[in-house]
1. Under the classification rounded if a/c is under 1.5, otherwise prolate if a/b is larger than b/c and oblate if not, where does the stretch 266-366 fall, given a ≥ b ≥ c as square roots of the Cα gyration tensor eigenvalues?
2. Taking 0.36 nm per residue of sequence separation and subtracting the Cα-Cα distance, how much length would be gained by fully extending the chain between residue 101 and residue 141, in nm to one decimal?
3. Students often forget the sequence filter, so: which lysines lie under 23 Å Cα-Cα from residue 77 once same-chain residues fewer than 8 apart are removed?
4. Could you name the lysines in cross-link range of residue 304, using Cα to Cα under 24 Å and dropping any fewer than eight places away on the same chain?
5. Points 7 angstrom from Cα along the Cβ direction at residue 309 and residue 37: gap in nanometres?
6. Multiply the residue separation of residue 123 and residue 50 by 0.36 nm, subtract the distance between their alpha-carbon atoms, and state the gained length in nm to one decimal.
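Any read-out appearing in this document is the output of simple, stated calculations on the displayed coordinates, not a laboratory observation. As the structure is a computational prediction, the values presented were derived from the model and not from experiment. Glycine gets a Cβ as well: all are built from the backbone with ideal geometry, and neighbour counts include every protein chain shown.
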Amino acid sequence: EAVGTMVGGISHELNNVLQSIFLYGGLIQDKLPDDEDQQANISHLLKDGERAKDIVKQVLTFSRETKVEMRPQALHKLLLESLVLQRASLPANIEIKHDIDVNCGLVQCDKTQIHQIIINLCNNAQHAMETKGGSLTVSLKQIQASLFKGDPESEVIELIISDTGHGINTSDLERIFDPFFTTKQFDKGTGLGLSVIHGIVEMMEGQISVTSKVGTGTTFRILFPVTDAVQEENSLNSDAVPDVMNRSILLVDDEESIRVATQVVFTHRGFTVDSASDGEQALELFKANPRKYDLIVTDKSMPKMSGVELTRAIRDTNSDIPIILSTGHLGIEDEEEFKDIGITSYIQKPWTAEELIKKIQKLDDN
């Protein structure tokens, strides 16, 4: 509860800093010549920004302060996606072995959280083997098992991730899922990864266990309940993108660095942009010429008038102009409120310029 309160207070500021890094980093990357070294340098910078973004997400997940989108999905697809990324980052002395059954049933899950589980466990395995190397083995299959003591057996998906690393002491093994407990060096881990995984598995009504032997390796076993729900088909064609670059946008954000960078991005893409530093100023601009704008992109948390209050005020004028809300902290209750007051869409900070452009493009598909 204490961590949740703390995260709620600082996530907005952290996400604003990361937002600025992503926007200005992207602008620099676009302007750099095709110099291999310079492009690599900026790519490393943006990659570290992604790592920082993931840390914020992990803390939000741990404190139950973030929204999850549970839907029936095939775990083998998410697992293979993660392993492709993981393989690229593994040193040459670590081998990946996998035995993945692609005919497993579906699991009710959040895609981002499943990626968190896989990446965290694989990263832990990598740290355990970084000195001497070894094998990372991943298996996925559908079995009959009891999820909880005393329950009858049912269809479950079994995910096993094991390594041949240094192993974990028995005394440490008892605390392995405790928040902020870590066996890594001070600068190597936050102690949140496994506690986050434990929380996700519990939320999915699954089961996680770990066995380890010092000098031999560690094995994590996770059981997920199989769902009878049918997987939703993605009807959107990502290649078919409508031309929306001639739109006039009213941009609202109290952070000058974010506002300026976003305006530059929009202008380079062919948009016409007016900007405001708070909701009251934006409302005045809109009321002065409501037909001038095709779209409003506004931050949620601002002084004088928030993005939510601005939306209410604009809807009170009977305008149906599309409004995209940018927010760093999103819960299920927020999403329901957004729909009620007339917010057309939202995007979660920190976002990249490409993610915002795609969000605007999708407005024409809805």
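1. Working: a/c = 1.34, a/b = 1.02, b/c = 1.31.
Note, shape of the stretch 266-366 comes out rounded.
2. Details: separation 40, 0.36 × 40 = 14.40 nm, distance 0.53 nm.
Additional length available on full extension: 13.9 nm.
3. Within the straight-line cut-off, residue 77 pairs with 57, 67, 97, 111, 141.
4. By straight Cα distance, residue 304 reaches 287, 292, 339, 349.
5. 5.2 nm
6. Length difference between fully extended and current span is 24.7 nm.
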